[in-house]
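The values are calculated or read from the model by the stated rules, or taken from the named source; none is laboratory data. Small disclaimer: the values here were computed from a predicted structure and weren't measured. Note that each Cβ is placed from the backbone with ideal geometry, even for glycine, and that neighbours are counted across all protein chains shown.
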Amino acid sequence: MVVARVGLHKVPSSTGSLFSLAGGWVVVTIVAAIFYPKALFTLPAAAYFWLFLTGTLNFPIARFLNFNSMKILGVVRANPILANAPLISAFIAIVFLGEEWRWTIALGTLTTITGIVLVVSNDMGSRQQRAESQPEPVRGAATESRGILERHPILVGYGSAALAALAYGTIPPLGKYVTTNYANPLVASVYTFFFGTLVLAIFIANRVPADIRVSPPKPLLLVTLGGMLMSVGVIVLYYSLVKAPVVVVAPIFALNPLVTMLLVHIFLQRLERISPRLVLGTVLTVAGVAIITATAGG
């Protein structure tokens, strides 16, 4: 996400998402073709429906919203909101898998909400941060609603991050179902990336040429590289879901904002600033998610 963030500084979100998906699909397809050439073409018919659903929800929807939130807010401010995706996974486990509601879940929810309030208030209370969160104008790009962004950039950014978290939260249960019943994690990754790239390309096909013309080559390359790195994360996530329950995997996955914040502090000090309140809010958000999902897993 840190690598993609650098590229998104000068690339529209939708086209950046497409390049990242295409790069990720190339990586997973090459690896799958080497290790599982036969498995790529022997899936049952029902598998393609679930793979299409997972790929569409994960990539054209969730990743676009993710990239949009990063472009507007920056990766440091968007990540604590995205870290709430495991809450959705835990909710699904409680409602549909019969997990018990416990007092520790309430404690985790309160901790998470406190963290979110700190993160959001850190941004909303500073005019300087409002100005910095505005995406740089991309002349000729037709990928974003400039009027809404100009009037309510923070609202759009946090709204995108929240919707991305909601979409991402449904991916572990879907991934668990697909990898358990239909395809190994690597083959599943190939088709989810493929369907995600295809659907997104159909929806933004008329915008891509203009966006490419106004996007410098280096940022496009960085966004693509970020997508390749993300593809490794998707593969590992699917493999972990084969070996462990969703509610065990989710809190570990939710630690990524802390890693991201460390990398941003090291490499992106010119693009983003980290305040003590932001650090505390991120830690509380991740801690709350971990409490809830670990409780659900117990």
Check: Quick one: Ala78 ticks every box in (1) surrounded by 24 or more Cβ atoms within 10 Å (Cβ to Cβ); (2) in contact with a Pro (Cβ under 6 Å, 6 or more places away or on another chain) bar one, so which box is it?
Finding: (2)
Check: Quick check: anything in region 171-183 β-branched (Val, Ile, Thr) and under 20 Å from Ala83 (Cβ atoms)?
Finding: yes
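Look at Ile292 and say whether it is modelled with pLDDT under 75 and either within 16 Å of the chain's Cα centre (by Cα) or under 28 Å from Gly55 (Cβ atoms) (or both). Don't jump to the end; show me each part of the working.
On the way: modelled with pLDDT under 75: yes; either within 16 Å of the chain's Cα centre (by Cα) or under 28 Å from Gly55 (Cβ atoms) (or both): yes.
Considered against the rule, which asks whether it is modelled with pLDDT under 75 and either within 16 Å of the chain's Cα centre (by Cα) or under 28 Å from Gly55 (Cβ atoms) (or both), Ile292 comes out as yes.
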Checklist line | region 1-59 - residue that is more than 19 Å from the chain's Cα centre (by Cα) and among the hydroxyl-bearing types (Ser, Thr, Tyr) and, of those, modelled with the lowest pLDDT | finding: Thr42
Notebook entry, point to check: Identify, please: which residue in region 235-250 is in contact with a Gly (Cβ under 8 Å, 6 or more places away or on another chain) and surrounded by 22 or more Cβ atoms within 10 Å (Cβ to Cβ) and is, among those, modelled with the lowest pLDDT?
Noted result: Val247
Next item on the list: Keeping to region 177-203, report how many residues are buried (at least 19 other Cβ atoms within 10 Å of the Cβ), out of contact with any Gly (no Cβ under 9 Å at 6 or more places or on another chain) and either among the β-branched types (Val, Ile, Thr) or not in a loop (DSSP other than H, G, I, E, B) (or both).
Entry: 6
Margin query: For region 1-108, give me every one of the helices (runs of 4 or more DSSP H) that falls completely inside it and has 1 or more residues that are among the charged types (D, E, K, R).
Written below: 2-8, 64-73, 75-82
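In this structure, does Lys71 turn out to be crowded, with 24+ Cβ neighbours inside 10 Å and either among the hydroxyl-bearing types (Ser, Thr, Tyr) or within 21 Å of the chain's Cα centre (by Cα) (or both)?
Details: crowded, with 24+ Cβ neighbours inside 10 Å: yes; either among the hydroxyl-bearing types (Ser, Thr, Tyr) or within 21 Å of the chain's Cα centre (by Cα) (or both): yes.
For Lys71, the condition - crowded, with 24+ Cβ neighbours inside 10 Å and either among the hydroxyl-bearing types (Ser, Thr, Tyr) or within 21 Å of the chain's Cα centre (by Cα) (or both) - is met.
Inside region 1-43, can you point out the residues that are within 25 Å of Tyr182 (Cα to Cα), aromatic (Phe, Trp, Tyr) and either in contact (Cβ under 8 Å) with a residue 40 or more places away in the chain or touching a Leu at 6+ places or on another chain (Cβ under 9 Å) (or both)?
Step one: of region 1-43, the residues within 25 Å of Tyr182 (Cα to Cα) are 21-43.
Add one more test, that the residue is aromatic (Phe, Trp, Tyr), and what stays is 25, 35-36, 41.
If the condition is that a residue be within 25 Å of Tyr182 (Cα to Cα), aromatic (Phe, Trp, Tyr) and either in contact (Cβ under 8 Å) with a residue 40 or more places away in the chain or touching a Leu at 6+ places or on another chain (Cβ under 9 Å) (or both), then Trp25, Phe35, Tyr36 are the ones that fit.
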Next item on the list: Quick one: in region 214-223, of everything that is part of a helix (DSSP H, G or I) and either at pLDDT 90 or above or under 24 Å from the mean Cα position of the chain (by Cα) (or both), which residue is surrounded by the fewest Cβ atoms within 10 Å (Cβ to Cβ)?
Entry: Pro217
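Residue by residue, here is whether (1) under 20 Å from Val246 (Cα atoms); (2) touching a residue at least 12 places away in the same chain (Cβ under 8 Å); (3) polar (S, T, N, Q) holds:
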residue: Ala45; (1), (2), (3): no, no, no
residue: Leu51; (1), (2), (3): yes, yes, no
residue: Asn58; (1), (2), (3): yes, yes, yes
residue: Gly74; (1), (2), (3): no, yes, no
Margin query: Of everything in region 87-111, what is crowded, with 18+ Cβ neighbours inside 10 Å, of a type outside the set (A, V, I, L, M) and at pLDDT below 75? Give them in sequence order.
Written below: Glu99
